[in-house]
Amino acid sequence: MIVHFTVNGSPAEADAPPETPLLWVLREHLKLPGTRFGCGAGLCGACMVHIDGDRAFSCQTQLSGVEGRAVTTIEGLSKDSTHPVQKAWLKEQVPQCGYCQSGQIMSAAALLQHSPHPSRDEIVDYMSAHICRCGTYPRILRAIERASREG
Amino acid sequence: MLRRSIPEARLTRRALMIGAAGLSFAFVERGFGLGGVISPASAASPTTFNPWVTISPDGLISIMSPAAEMGQGSKTSLPLILAEELDADWKDVRIVAAPPNEEIYGNPGFLGMMYTAGSATVAGYYAPLRQFGAQVRRVILDNAARKWGVAVSELRTEPGVVVHDKTGRRLSYGEIASFAVLPPTAPQINPDELKRPDQFRLIGKDVTRFELPTKVDGSARYSIDIEVPGMLYGALLTPVFPDSRAKTIDDTAARAVRGVVGIYDLPNGVGVGVVAETPWAAFTAKDALRVSWTQSPKAGAFDSDASMDRYAAMSRGEISQQATLWDKAGDGADGLKTATETLTGEYRCDYAYHAQMEPLNAVASVSADGGSVEIWCGTQSQAMAVKAAASTLGIERSKVKFNEVLLGGGFGRRGPQDQDFLVGALLLSREIKRPVKVLWTREDDIRNGRFRPMSAHRIEAGFDREGALTTWHHRVTTDNVSMFQDPGRYYGPFKQRDMLSLLGTELPTYAIPNRLSEHFAVDSGVRLASLRGIGFTANKFATESFVDESARKRGIDPLEFRLSLARNVPRARAVLEAVADMSNWRQRRPGSGYGLAYIDYSGTQIAGVAEIAMDRTSGEIRLKTFWVAIDPGVAVQPDNIVAQTEGSVVYGLGMALSEQITIKDGEIQQSNFYDYTVMRMRDLPDIQVRIVPSDGRPTGVGQMATPLVAPAISNAVAELAGVRLRHTPMLPSRVLAALNGGARQ
């Protein structure tokens, strides 16, 4: 099945079985490996992307479901790490192994898009969709608060 | 963690040898004085010389780093230590992945292996890299002195520049590299010629890790991201048991999946491999396979619950088995004979899983004739990956080209001698004669998990007439991790002692005159591996809980009890006092949920206080605050020490409260993050870290806080509710059982 959609603002198409997870289409067909495979079950958030501005587990999104929709990945969040969330991530020196961080950053950006000044409880609730096995949670929390503050 | 077995003197000799070998090699082999240390553009490529440092005329300083980068930061810290003594300008430094050559790049603090583990990287390389950096700086100074015709004593360096103050002349390191000649032997550097800590420009000042920006824009590359022309994708249906293999394979449905290229019954118990044009096709076909497996005589009957009772009986001495001596001081357990009072405690820890976020994977490209291979994999030991590839394919190590990538987490999972995560890619690429990337799913990663062993502990303590703790006898029963993970080291330098299970039982900083720790090792057939904190995590749960029990039993405050035990070790007392200060320990209200733990972890002194809340209806424990004071020796990268300690606490919290692998009839019962529950942001306590200043040599950071958490929580529960939790993870059901009278103190 050939599916047409946009990725990071550019038209894209992929020819794959309709049930193929968007994650693998992004990584292997469209060569955007910044979106990571962690659990394949919507449990860890390493694969988080934006679809039409909302966050979505790309491992739980079938290719057939993105026809005509706009997908944003970490590669398209900003050209040069200048998104406020990315700037805050650098200032707080968040990543350790880094593998989960694309997904964490995409969620944080979606959160601030919808709620520019979230409470701590809101941040914790929203970001608990993710797992960071290195345990960078204190810094993720601080970075989101910084991004919210500094915009 | 292996430092104890390597005398200081050997570290020094090796450091000199490294320098001398690099320099003299350049002369002997090349016939000109450039290359080993200083390599202008005209010199041979660094890969020929394997130098640690290359300085180009344009000023670029390339420094080799033999550490694997899995988020712990030592791939940046090692070159930084060398650059410090070289007095390089950090912005000129480029970090280069050292090739797998243990002769040159092996860690003198880790049996000379290229093996990033045990929080031993900065600790092991610190002294040699300072020495070698100082040697390179001396060569640069000598060359500048010769050029200007002045005494070297009149020269000094600023970062990247040699300065002659009398004449105001300056030469950059790059300019010097364009005319420098190397001396025939490495210059001698006396210890007093190294920088004093107050002269450090890099050590103790935070720099951004070299790869960190790539982890913010998505451009970081792990082995799962590697793309090789002509590459196919592999998936493995692996045996249920470690030592079984396919008996019957029905692959009719699997072969019908679009994009499937081949299906192979692989040797060595690797399982059944599917090769396909896309990952999704490989996964789909794997799921469509119908395979029956041969029974496993050993692992097939294993049941973790039943075995735990047996392990506990072994530790109590109810089942006769030869114990392996691990550590002894004074009269050992004989001290119990003269004790006026004794106390015993038993503890248990379940299997635990690494859960590194990148499911294991590897890329291999075997040549058409099968005689050589190129590999890409996230490994904690580059040299082991080369050895494993060579032995799997039956080729010479020189025929293996290793490509280093970032690791999406390690925690000990990526360091087994057989490098199991690499084998499937090697075999499938050889079969199909194309590059293959083998991907494990999360379910594969757990099903093929190599776990932190299950353990049962029994400690007996003896007190004298004055109530002083005089004898300590710790008996541990675990599966034999070292024998499974690393037979090379187990039968070699470990002398058939399971170091990975037993480290942490020694208590060298506690003034207990008679001590004995011994091991009952079980060959269970379960797959095992080191896991962040290794034996310390289980052993400290036992020892630090029991120290607390002993203190409470005697009516002594747990802090004062430990301060007394640590009376001969000022650095231990300093971290205890620091964490008491941070947590206002001495002002805490009676019955508040505070618990203390202290560890000497390979020389790093660390103490933690947990503040908990407990729901007596559900049995849920919540960690509200965790204070840590750590003295890791010289703090090479302070903010990274804080980050590693924060992460280490989070990891330890999972081990303490929720992470549990169970095995029934030989099968792992868990399969993904819904039934193997790790900590998320909602579980995060307020973590406060204080680095206690110290000028001792670095002793390691990456995992030191992990083993603090469980005993601190157990001790907090004892203080809050008066019951003792003796089994990690401290699941709500276990808490309720204890509250209902199961384990009164």
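Every read-out reported here was derived from the displayed coordinates using simple, explicitly stated rules and does not represent laboratory data. These numbers were taken from a predicted model, which means no experiment stands behind them. Note that each Cβ is placed from the backbone with ideal geometry, even for glycine, and that neighbours are counted across all protein chains shown.
Some values worked out for this structure:
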{"item": "Convex hull volume per residue in cubic angstrom - Cα atoms of the range B:52-156", "result": "103 Å³"}
{"item": "log₁₀ of I(q)/I(0) at q = 0.07 Å⁻¹ - the protein assembly as shown, Debye sum with one point per alpha carbon", "result": "-0.57"}
{"item": "At most 15 other Cβ within 10 Å, DSSP loop - trypsin sites (Lys or Arg not before Pro), the range B:600-669", "result": "B:Arg616"}
{"item": "Aspartates and glutamates with Cα under 17 Å of A:Lys31, excluding same-chain neighbours fewer than 8 positions away", "result": "A:Glu13, A:Asp15, A:Glu75, B:Asp217, B:Asp225, B:Glu227, B:Glu277"}
{"item": "From phi via Karplus (6.51, -1.76, 1.60), per-residue ³J(HN,Hα) for the range B:241-256 in Hz, x at Gly/Pro", "result": "9, x, 10, 10, 9, 5, 9, 10, 10, 10, 10, 4, 5, 5, 5, 7"}
{"item": "Along chain B, longest interval not containing exposed chymotrypsin sites (Phe, Trp or Tyr not before Pro), exposed being DSSP loop plus at most 13 other Cβ atoms within 10 Å", "result": "B:33-673"}
{"item": "Pairs from B:Lys91/B:Lys215; B:Lys195/B:Lys328; B:Lys75/B:Lys387; A:Lys91/B:Lys91; B:Lys298/B:Lys387 whose Cα-Cα separation, in the structure shown, is over 30 Å", "result": "B:Lys195/B:Lys328"}
{"item": "Peptide B:678-687 - average C-beta neighbours from other chains (10 Å radius)", "result": "6"}
{"item": "Where GluC sites (Glu not before Pro) in DSSP loops with at most 16 other Cβ within 10 Å are excluded, longest remaining stretch of chain A", "result": "A:68-151"}
{"item": "Rotationally averaged projected area of chain B (alpha carbon convex hull; nm²)", "result": "34.1 nm²"}
{"item": "Estimated inter-spin distance, B:Arg316 and B:Lys664, nm [label 7 Å along Cα→Cβ]", "result": "2.5 nm"}
{"item": "Sparse-neighbour loop sites [trypsin sites (Lys or Arg not before Pro); the range B:452-481; at most 16 other C-beta within 10 Å; DSSP]", "result": "B:Arg465"}
{"item": "Residue-averaged [θ]222 nm for chain B, counting only DSSP H segments that reach four residues, each worth -39500 (n - 2.57)", "result": "-9500 deg cm²/dmol"}
{"item": "Taking only Cα atoms of the range B:356-451, radius of gyration then Dmax in Å", "result": "12.4, 37"}
{"item": "Cα coordinate range in the range B:572-674, projected on the principal axes (Å, largest first)", "result": "48, 37, 21"}
{"item": "With at most 14 other Cβ atoms within 10 Å, longest stretch of chain A clear of loop trypsin sites (Lys or Arg not before Pro) (DSSP)", "result": "A:80-151"}
{"item": "Cα gyration tensor category, rounded, prolate or oblate, for the range B:250-363 with a/c compared to 1.5", "result": "prolate"}
{"item": "Coil-residue trypsin sites (Lys or Arg not before Pro) of the range B:199-235, DSSP, other Cβ within 10 Å capped at 16", "result": "B:Arg201, B:Lys205, B:Arg221"}
{"item": "Separation between Cα centres of the range B:386-428 and the range A:1-71, rounded to whole Å", "result": "31 Å"}
{"item": "R0 of 60 Å, Cβ-Cβ distance B:Lys553-B:Lys298: FRET efficiency to nearest 0.05", "result": "0.90"}
{"item": "R0 of 45 Å, Cβ-Cβ distance B:Arg397-B:Arg589: FRET efficiency to nearest 0.05", "result": "0.10"}
